[in-house]
Structures are given as structure tokens and as C-alpha cells.
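The structure under discussion appears below in the form of C-alpha cells.
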Amino acid sequence: MEHQLGLPVLYTFRRCPYAMRARLAIVAAGLKVEVRELVLRAKPAHMLEISPKGTVPVLWLQDGTVIDESLDVMCWAVGQNFPASWLVLTAEQQQQCDEWIALLDGEFKRNLDRYKYPHRYHTDTDTCDPLEHRAACEKILTLWDEALAQQGPWLFGNRPSFADYAILPFVRQFRIADEAWFDAVAGYDALKLWLSAFLASPVLEQAMVKYTPWQPGDTPLTFPG
Ligand SMILES: N[C@@H](CCC(=O)N[C@@H](CS)C(=O)NCC(=O)O)C(=O)O
């Protein structure tokens with residue numbers, strides 16, 4: 001299971017928004033890793049050995065260090081080589097960024113899951129109403145829409161930052177849950193522009209290149225390809 005290419009190894013799942021934010025930061029930082037795509041129902045034994053909690057992304061460095069939280073993978077990538085196009089946040093912006101990400105990974109994700117997969121959250125006594133959860137997500141989207149309307153096209157002005165790339169994969173997922181509704185709903189003008197610029201960006205295209213699931217013994221592949 002060694003690092004055959006002399007590069008860090010990234011266990012990833014293409015559609016996972018956490019893995020996406022890690023890959024986006026790796027692309028933006030101009031780094032290369034060895035990629036191991038997986039399917040969630042059949043996680044590679046080696047990944048579970050180095051990170052028993054079993055979530056993607058997992059980055060395995062050449063010295064054996066394991067980084068298995070998406071935000072930590074992003075920090076590692078930008079710490080290796082800060083993306084030239086990204087904004088360096090002031091202390092105040094960093095605090096705002098941290099607050100938004102906490103809201104995203106907590107309340108937004110919780111409601112997004114219930115909006116997308118309500119049947120998973122029905123109980124004997126309670127049915128899960130997806131529209132209630134969509135409305136809860138919308139309250140949070142409004143915060144980002146307002147920030148973008150005031151000082152867009154990115155969350156902190158005219159350059160992207162850690163905040164944009166940490167958050168956008170989840171806003172993309174929110175849209176995908178009901179694209180026709182999202183595209184037709186009134187409002188969110190600045191947020192929609194922000195999302196569509198991201199969806200058309202070369203960084204996303206590179207981060208979403210398809211790989212066949214990895215198996216031990218496969219020829220190692222690099223990401224980005
Ligand atoms: N806090 C973790 C969350 C990662 C996460 O939950 N990833 C999902 C996929 S989107 C996962 O691997 N779930 C495990 C599974 O479904 O078996 C992070 O930020 O990296």
C-alpha cells in the first residue's frame with residue numbers, strides 16, 4: 001500500500017461534497033496526489049485501517065500522517081501552496097468564514113439531508129417534511145445571497161477564498177435536489193450567479209473528472225490527471 005508515485009494518496013468519492021471541497025483546494029493549490037476513487041458501500045480495507053471512522057475524503061501523506069476531515073485537507077492543500085487567485089482573509093473575514101462553515105456543516109447539511117432524502121428520516125410518530133427542511137436551508141442561503149449581493153461576485157469580494165470553495169459544493173447539492181424549482185424560484189440572484197460561475201469553472205471541471213473505483217494492485221493514477 002506504499003506511496004508508489006511518491007505523492008500523497010487521496011481516498012475520495014466523486015459526488016461527495018466533502019471530498020469535492022478537498023479536491024477543489026488541491027486543484028486550486030496546483031498540487032498532485034495519487035487518487036483512489038471508491039464506492040461508499042465497499043470502502044477499501046486500507047482506508048479503514050488508516051481511518052476507521054470510514055468517511056471520505058482521507059489523505060494519507062508520505063510520512064504516514066492521515067488527514068481525514070475535509071476542512072483539514074483543504075488547510076493542508078493551501079498550506080502547501082496558497083492559491084495565487086485566492087484572497088488572504090483578514091482576521092475578521094476568517095471569523096466570518098469559520099461561522100459560515102460551522103453553519104454549513106451543521107444546520108445546513110442537517111436540513112439538506114432531510115430535504116433530499118426525507119424517507120430516511122420518517123419515524124413511527126413523525127414524518128419528515130422535505131419542504132420544511134428546504135425552507136430552513138433557504139434561511140441560510142439568504143445570508144450568503146445578501147453577502148454576495150453586497151460585495152460579490154465571491155463571498156468576500158472580487159476574489160475567491162477558502163469560504164467559497166468550502167461552501168459551494170453543498171449549494172450545488174441543494175440545487176441538484178430539485179433543479180427545476182431552484183432555477184425557477186424568485187430571488188437569490190447573486191447566489192445563483194455565484195453558483196453558475198462555479199458550475200462553469202475549470203477548477204470544478206478538473207475536480208470532477210471521473211475515475212473508476214480503485215482496487216489494490218491497480219496502476220496508480222494521479223489527480224488532477
Ligand atoms: N466531517 C467529515 C464528513 C465526511 C462525510 O460524511 N463524507 C461522507 C460522504 S459525502 C461519507 O464518507 N460517509 C460515509 C458513508 O456514507 O459510508 C469531513 O468533513 O470530511
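The values are calculated or read from the model by the stated rules, or taken from the named source; none is laboratory data. Just so we're clear, the structure is a prediction, and the values are computed from it rather than from any experiment. No Cβ is skipped: glycine too gets one built from the backbone with ideal geometry, and neighbour counts run over all protein chains shown. Accessible surface is based on the protein model in full, side chains and every heavy atom, while ligands, DNA and RNA are left aside. Shrake-Rupley method; radii C 1.70, N 1.55, O 1.52, S 1.80 Å.
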Check your understanding: If you place +1 on the Cβ of every Lys and Arg and -1 on the Cβ of every Asp and Glu, how big does the dipole about the Cα centre of the chain come out, in debye to the nearest 20?
Key -> 560 debye
Study note, to complete from the structure: So, relative contact order of segment 1-136 in percent, Cα under 8 Å, 6 or more apart, is 21 percent
**Study point:** Pairwise centroid distance, computed over Cα atoms, of segment 63-103 with segment 122-171, Å
**Key:** 19 Å
Revision key, fill the gap. Rounded to the nearest 10 degrees, the helix 130-151 long axis (Cα) sits at an angle to the longest Cα principal axis of the chain of 90 degrees
Revision key, fill the gap. Farthest towards the positive end of the dipole of the chain, among 81, 213, 170 and with Cβ unit charges of +1 on Lys and Arg and -1 on Asp and Glu, lies the Cα of 213
Review point. Each label point is 7 Å from the Cα along the Cα-to-Cβ direction; what then is the distance between the points at residue 2 and residue 212, in nm?
Key: 2.6 nm
Check your understanding: Which far-off residues, 5 or more places away or on another chain, put their amide H under 5 Å from the one on residue 33, with H placed in the peptide plane?
Key -> 223
Practice item. Just name one of 130, 91, 29: the one whose Cα is farthest towards the positive end of the charge dipole of the chain (beta-carbon charges, Lys/Arg +1, Asp/Glu -1). Key: 29
Exercise for review: With a probe of 1.4 Å, find how much accessible area the chain has per residue, and write the answer as a whole number in Å².
Suggested key: 50 Å²
Exercise for review: Run the accessible area of segment 91-201 with a 1.4 Å probe and give the carbon-and-sulfur part as a rounded percent.
Suggested key: 49 percent
Review point. What's the angle, to the nearest 10 degrees (0 to 90), between helix 189-199's Cα axis and the longest principal axis of the chain?
Key: 20 degrees
Review point. Roughly how tilted is helix 70-80, in degrees to the nearest 10 and between 0 and 90, from the longest Cα axis of the chain?
Key: 60 degrees
Study note, to complete from the structure: Quotient of Cα radius of gyration and Kirkwood radius for segment 91-201, i.e. Rg/Rh, equals 1.00
Review point. Taking a ≥ b ≥ c as the square roots of the eigenvalues of the Cα gyration tensor of the chain, is the shape rounded (a/c under 1.5), prolate (a/b larger than b/c) or oblate?
Key: oblate
Review point. Hey, which aspartates and glutamates would be in cross-link range of residue 210, C-alpha to C-alpha under 13 Å, not counting anything within fewer than 8 residues on its own chain?
Key: 37
Review point. What is the dipole size for segment 18-94, taken about its Cα centre, with +1 at each Lys and Arg Cβ and -1 at each Asp and Glu Cβ, in debye to the nearest 20?
Key: 300 debye
Exercise for review: Go ahead and estimate [θ] at 222 nm for the chain from helices alone: -39,500 (n - 2.57) per DSSP H run with n ≥ 4, summed, over the residue count, rounded to 500.
Suggested key: -15000 deg cm²/dmol
Practice item. Treating cross-link reach as a plain straight distance, find the lysines whose alpha-carbon is under 28 Å from the alpha-carbon of residue 139, omitting any fewer than eight places away in the same chain. Key: 109, 116, 192
**Study point:** Dipole in debye (nearest 20) - segment 91-201, about Cα centre, beta carbon charges: Lys, Arg +1; Asp, Glu -1
**Key:** 320 debye
